[in-house]
Amino acid sequence: MKLGVVGLPNVGKSTLFNAITKAGAQAANYPFCTIEPNVGVVAVPDERLTKLAELFNSKKITPTTLEFVDIAGLVKGASKGEGLGNKFLSHIREVDAIVHTVRCFDDENITHVDGSVNPLRDIETINLELIFSDMEMIERRLQKARVAVKGDKKYQEEIDFLEKLYKFLEEGKPARNYPATDEEKEILKTLFLLTSKPVIYAANVSEDDVATENDYVKQVKEYAKAEGSEVIVLSAKLEEDLADMSDDEKAIFFAELGIDKSGLDKLVTACYKLLNLISYLTAGEKETRAWTIVKGTKAPQAAGKIHSDFERGFIRAEVVDYQTLLDCKGYAGAKEKGKIRSEGKDYVMQDNDVVTFRFNV
């Protein structure tokens with residue numbers, strides 16, 4: 001699963017990316033510093049792993065991860081090829097969700113591509129460029145459908161839907177907010193529209209504002225609420241500075257700032273949920289590990305994440321709730337109290353499941 005970090009030039013995208021991945025993407029005070037997308041992998045924070053590892057004396061902890069892509073800054077007219085528009089749009093097309101970085105701080109030393117700080121204008125600039133690109137795609141699809149309907153009337157249903165969707169986009173609304181019927185959703189999936197992708201807003205504030213909501217952040221939250229999106233407030237520069245600190249040093253720093261955890265931790269966790277992902281856990285002396293699955297995955301397919309043999313020869317899943325396992329001080333205690341369940345092929349995995357798979361190949 002890939003998340004694209006997007007935004008106008010000089011809003012803090014590459015700084016945020018550096019903090020997330022420690023990959024060292026170049027950050028500078030001029031537009032289009034990032035031309036080719038930088039890619040980095042980041043661990044999803046999960047305190048359950050630490051507690052299970054302590055319980056089992058695990059030699060190794062392996063968290064689940066997400067992939068972030070730092071995409072070149074966009075300017076007005078990108079859908080028509082302005083700036084690095086074509087590259088920007090093609091890179092967005094390849095990600096599963098969007099982290100829309102919005103500048104919510106004043107700094108006369110950092111230029112703004114439009115001359116002033118205005119987060120709502122910045123959001124609209126990017127959203128409209130994505131919408132314009134989607135409208136062009138729908139126009140091309142409509143042309144094909146109008147030719148095809150002459151030979152097969154079944155295409156009329158597609159034409160009707162595409163015309164309604166086009167009008168919806170014309171009103172400045174993203175495709176992800178279109179109230180599609182089940183039949184329309186099937187057509188929508190085949191369009192691969194940019195505005196169909198889920199989005200989360202990263203409100204980039206100064207270090208002084210990280211514990212409070214300035215007026216810029218309030219504007220972004222109001223906008224995001226109207227379209228059903230989430231906002232994470234953070235200071236990209238502060239997070240970059242924190243990246244090399246130990247956990248103890250971070251804890252002291254957070255206490256001084258009056259915050260409970262890193263803005264990046266909140267962002268990564270929120271992105272994981274945005275992609276409709278959950279983790280099941282495996283634990284033992286050798287390793288404690290989180291495994292990523294899509295919500296609704298059944299036990300055999302979840303087992304296949306570990307090894308294809310596990311899915312092919314699946315017999316059963318021995319499942320215990322994470323907190324129950326801790327309370328029972330391990331598998332032996334959980335088994336003694338009858339807390340380990342035996343689940344079959346139709347079992348839908350849950351986020352707090354600690355699992356041992358039984359299989360035979």
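Here the Gaussian network model covers the chain, with springs between Cα atoms less than 10 Å apart; of Cys271, Cys328, Cys104, Cys328 fluctuates the most. The orientation-averaged shadow of the Cα convex hull for the stretch 222-361, equal to a quarter of the hull surface, comes to 12.1 nm².
Computed extension length for Glu183-Ala243: 17.0 nm, one decimal, from 0.36 nm per residue of separation with the Cα-Cα distance subtracted. Think of each Lys and Arg Cβ as +1 and each Asp and Glu Cβ as -1; about the Cα centre, that makes the dipole of the chain roughly 1720 debye. Return the carbon/sulfur percentage of the accessible area of the stretch 186-334, one whole number, probe 1.4 Å, all protein chains in place. Answer for the stretch 186-334 is 49 percent, counting heavy atoms of protein chains only.
For the chain, relative contact order (Cα pairs under 8 Å, six or more residues apart, normalised by length) works out to 19 percent. Between Lys295 and Ile315, the modelled label-to-label distance comes to 3.3 nm, taking each label 7 Å out from Cα in the direction of the beta carbon. Per residue, the Cα convex hull of the chain amounts to 169 Å³. Subtracting the Cα-Cα distance of Glu124 and Lys173 from 0.36 nm times their residue separation leaves 16.6 nm of extension gain.
For the stretch 147-191, trypsin sites (Lys or Arg not before Pro) meeting the loop criterion (DSSP other than H, G, I, E, B) and having at most 11 other Cβ atoms within 10 Å: Lys150, Lys153, Lys154. When Met349, Met245 are compared by accessible area at a 1.4 angstrom probe, the order from most to least is Met245, Met349. Across the stretch 124-243, Cα-Cα pairs farther apart than 18 Å form 60% of the total. What the pair-distance distribution of the stretch 202-273 shows, using all Cα-Cα distances binned every 10 Å from zero, is 19, 51, 26, 5 percent.
The values are calculated or read from the model by the stated rules, or taken from the named source; none is laboratory data. Just so it is clear, the structure is predicted and the values come from calculations on it, not from any experiment. Cβ atoms come from the backbone with ideal geometry, glycine included; neighbour counts cover every protein chain shown. To get the accessible areas, we keep the full protein, side chains included, count just its heavy atoms, and leave off ligands, DNA and RNA. Shrake-Rupley method; radii C 1.70, N 1.55, O 1.52, S 1.80 Å.
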